[in-house]
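Presented below is the structure to which this report refers.
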Amino acid sequence: MADLNRTALYDLHIELGARMVPFAGYEMPVQYPSGVMKEHLHTTEKAGLFDVSHMGQVVLWPESGKYEDAALALENLVPVNVLDLKPKRQRYAMFTNDAGGIEDDLMLANLGDHIFVVVNAACKDADIAHMRHHLSDTCKIEVLEDRALLALQGPAAEAALAKLAPEVVTMKFMDVTALSINGVDCVISRSGYTGEDGYEISVPSKDAEALARALLADPDVEPIGLGARDSLRLEAGLCLYGHDIDQTTSPVEAALDWAIQKARRRGGERAGGFPGADRILRELETGPSRRRVGILPDGRAPMREGTPLYAAQTGGGPIGNITSGAFGPSIERPMSMGYVGIDHAVDGTQIYGEVRGKRMPATVAPMPFRASTFKR
Amino acid sequence: MKYTEEHEWLRVEEDLVVVGITEHASEQLGDIVFVELPEEGKTVTKDEEVVVIESVKAASDILAPLDGEIVEVNEALTDNPALVNEDPQGDGWIFKLKVEDLAAVDDYMDEKEYKDLIG
């Protein structure tokens with residue numbers, strides 16, 4: 001696979017028998033020999049180790065040395081309260097555009113004298129250029145090219161990681177801390193993209209393979225590929241950028257209102273002041289015209305991305321479409337998410353998805369489809 | 001047993017042709033989560049899409065290998081589509097076809113030719 005980047009764990013993936021596929025410019029493991037279904041279930045029953053080193057890791061260093069200055073600058077790009085984020089805490093955010101759409105979603109953390117940002121692999125070059133363009137007056141923007149990112153997810157994640165770093169037991173969901181594992185400086189957050197309790201570990205690339213091997217030495221920990229990562233996040237109701245959210249979907253349409261804290265809403269201390277604020281703040285008050293919802297097909301056939309949705313079995317134009325769809329190994333049924341007109345965005349509403357020319361019944365349903373197990 | 005370039009296998013059982021997908025195909029598809037079976041009694045023409053197999057990755061069509069009538073489908077796959085992964089060339093069979101001309105089965109590849117195809 002020419003011209004593709006490899007992560008620090010490439011050789012380990014091959015050794016473990018991974019099937020590698022191109023993903024966002026990287027050669028990544030889509031599955032290991034046990035397959036997507038077993039990998040998914042292993043993660044929800046024990047613990048899974050994911051290589052997510054393709055994601056972008058960026059540090060914003062305020063020139064003044066004060067977190068507040070970096071936070072206020074970053075608030076110009078995201079509809080999120082960055083200023084009041086407590087030290088060693090992490091928060092979900094999105095870069096918005098002038099039309100109120102989403103350029104990327106990201107995690108940001110207050111690490112005292114700097115902000116630690118993790119962005120999607122496919123968007124990272126654009127995100128870095130965006131931050132350089134808008135934040136360079138107040139911050140030095142350091143791209144961490146030489147760090148890998150591992151995610152350890154599932155009910156056995158805490159015990160497995162605690163064997164190497166006992167302090168992680170005391171962390172709560174969305175805590176972030178810098179600590180040493182086997183003498184290696186890591187940044188650990190108690191978060192992830194599976195709906196399970198777990199951790200993400202930023203580690204120097206040169207030490208990543210040794211850490212991965214140390215974690216895999218635990219009999220409860222298995223390597224998990226991108227295939228199961230996708231079914232896990234979909235069961236958890238989490239958005240995949242480029243599919244469930246994109247440059248045309250606003251955070252309110254995407255049902256991400258919860259990520260926009262009071263301080264940035266109308267009447268808040270720092271209301272607006274981010275790209276697309278007019279549309280986003282208006283939609284928060286008057287409601288959007290469409291909304292992202294969970295959709296459970298009544299039958300066994302998955303309704304995949306692009307499936308048009310209808311209000312009735314016959315007649316009428318489309319009311320929306322599916323943006324992600326797959327089989328849910330834990331819930332043992334197909335599941336989807338997508339956008340529907342606001343009149344249909346009510347749990348329990350019967351809708352129809354057109355699969356191979358036939359309109360098949362489905363029901364608008366609450367997410368997550370599988371209950372999350374975060375340690376709050 | 002005979003094999004098609006579409007990675008289906010054909011086995012003649014008395015006057016019927018039993019059809020399924022090969023082990024190679026089932027490995028490539030990954031975990032199979034849904035098989036949309038045709039109606040029994042349906043008349044089909046060669047290369048017509050008669051079955052849809054949904055795996056964790058994608059939907060794939062199974063083509064009718066010959067003209068004929070679908071006389072039986074493997075109902076067990078409705079409740080347990082994973083049978084296609086577990087035993088693709090046995091219990092994971094998909095449908096039985098009644099054909100005019102059983103000799104036409106011989107036009108398909110034998111095992112050696114199929115193995116050469118998949119490398």
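The values are calculated or read from the model by the stated rules, or taken from the named source; none is laboratory data. Not measured: the values here are computed from a predicted model. Note that we place each Cβ from the backbone using ideal geometry, even for glycine, and neighbour counts take in every protein chain shown.
Table for the structure above
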quantity	calculated
Test: residue in segment B:82-93 that is part of a helix (DSSP H, G or I), free of Cβ contacts under 8 Å to residues at least 60 places away in the same chain and surrounded by fewer than 18 Cβ atoms within 10 Å (Cβ to Cβ)	yes
Residue check, B:P65 crowded, with 23+ Cβ neighbours inside 10 Å and under 30 Å from A:E305 (Cα atoms)	yes
Helices (runs of 4 or more DSSP H) completely within segment A:8-76 that count 1 or more residues being over 30 Å from A:F327 (Cβ atoms) and either aromatic (F, W, Y) or assigned by TED's automatic domain parsing to the domain that holds A:K206 (or both)	A:10-15, A:67-74
Matching residues in segment A:127-139 - criterion: being under 17 Å from A:F274 (Cβ atoms), touching a strand residue (DSSP E or B) at 6+ places or on another chain (Cβ under 8 Å) and part of a helix (DSSP H, G or I)	A:D127, A:H130, A:M131, A:L135
Lone qualifier among B:V33, B:V18, B:V12, B:V56 - being more than 11 Å from the chain's Cα centre (by Cα), touching a residue at least 12 places away in the same chain (Cβ under 8 Å) and more than 23 Å from A:G299 (Cβ to Cβ)	B:V12
Any hit, segment B:42-59, residues being among the hydroxyl-bearing types (S, T, Y), out of contact with any His (no Cβ under 6 Å at 6 or more places or on another chain) and away from every other protein chain (no Cβ under 14 Å)	yes
Boolean, A:V82 is hydrophobic (A, V, I, L, M, F, W, C), assigned to a strand (DSSP E or B) and under 25 Å from A:F173 (Cα atoms)	no
Criterion violated by A:N321 - all others in (1) touching a Ser or Thr at 6+ places or on another chain (Cβ under 7 Å); (2) part of a loop (DSSP other than H, G, I, E, B); (3) surrounded by fewer than 19 Cβ atoms within 10 Å (Cβ to Cβ); (4) away from chain B (no Cβ under 14 Å) satisfied	(2)
Qualifying residues in segment A:85-101 (those that are part of a strand (DSSP E or B) and among the basic types (K, R)) - the one nearest to the chain's Cα centre (by Cα)	A:R91
Test: residue in segment A:166-177 that is of a type in the set (K, R), assigned by TED's automatic domain parsing to the domain that holds A:H40 and without any contact (Cβ under 8 Å) to a residue 60 or more places away in the chain	no
Members of segment A:324-348 that are of a type in the set (A, V, I, L, M, F, W, C), within 14 Å of another protein chain (Cβ to nearest Cβ) and farther than 16 Å from A:R304 by Cα	A:I331
Residue in segment A:234-261 that is nearest to the other protein chains (Cβ to nearest Cβ), counting only those that are crowded, with 20+ Cβ neighbours inside 10 Å, closer than 24 Å to A:E285 by Cα and hydrophobic (A, V, I, L, M, F, W, C)	A:L238
Number of the exception - A:R264 against (1) surrounded by 24 or more Cβ atoms within 10 Å (Cβ to Cβ); (2) of a type in the set (K, R); (3) closer than 30 Å to A:R333 by Cβ	(3)
Identity of the residue in segment B:26-40, under 24 Å from B:V99 (Cα atoms) and of a type outside the set (D, E, K, R), that ends up nearest to the other protein chains (Cβ to nearest Cβ)	B:V35
Residue identified as part of a strand (DSSP E or B) and under 26 Å from A:L41 (Cα atoms) among B:E54, B:E27	B:E54
Options B:N85, B:N80; residue that is among the polar types (S, T, N, Q) and more than 15 Å from the chain's Cα centre (by Cα)	B:N80
Count - residues of segment A:278-313 that are of a type in the set (G, A, S) and under 25 Å from the mean Cα position of the chain (by Cα)	4
Failed condition for A:A271, given (1) aliphatic (A, V, I, L, M); (2) in the same structural domain as A:Y193 (by TED's automatic domain parsing); (3) closer than 26 Å to A:A371 by Cβ; (4) assigned to a loop (DSSP other than H, G, I, E, B)	(3)
Residue in segment A:216-233 that is under 25 Å from A:M28 (Cα atoms), surrounded by 16 or more Cβ atoms within 10 Å (Cβ to Cβ), of a type in the set (G, A, S) and away from chain B (no Cβ under 14 Å) present	no
Some residue of segment A:194-214 being at negative phi, assigned to a loop (DSSP other than H, G, I, E, B) and either outside the structural domain of A:L164 (by TED's automatic domain parsing) or not charged (D, E, K, R) (or both)	yes
Lone unmet requirement of (1) surrounded by 15 or more Cβ atoms within 10 Å (Cβ to Cβ); (2) more than 16 Å from the chain's Cα centre (by Cα) for A:D185	(1)
Condition met for A:V36 (under 25 Å from A:S191 (Cα atoms), touching a residue at least 24 places away in the same chain (Cβ under 8 Å), buried (at least 20 other Cβ atoms within 10 Å of the Cβ) and within 14 Å of chain B (Cβ to nearest Cβ))	yes
Tabulated pairs, segment A:178-189, first at positive phi, second assigned to a loop (DSSP other than H, G, I, E, B), C-beta under 9 angstrom, 6+ apart or interchain	A:N182/A:L164; A:N182/A:A165
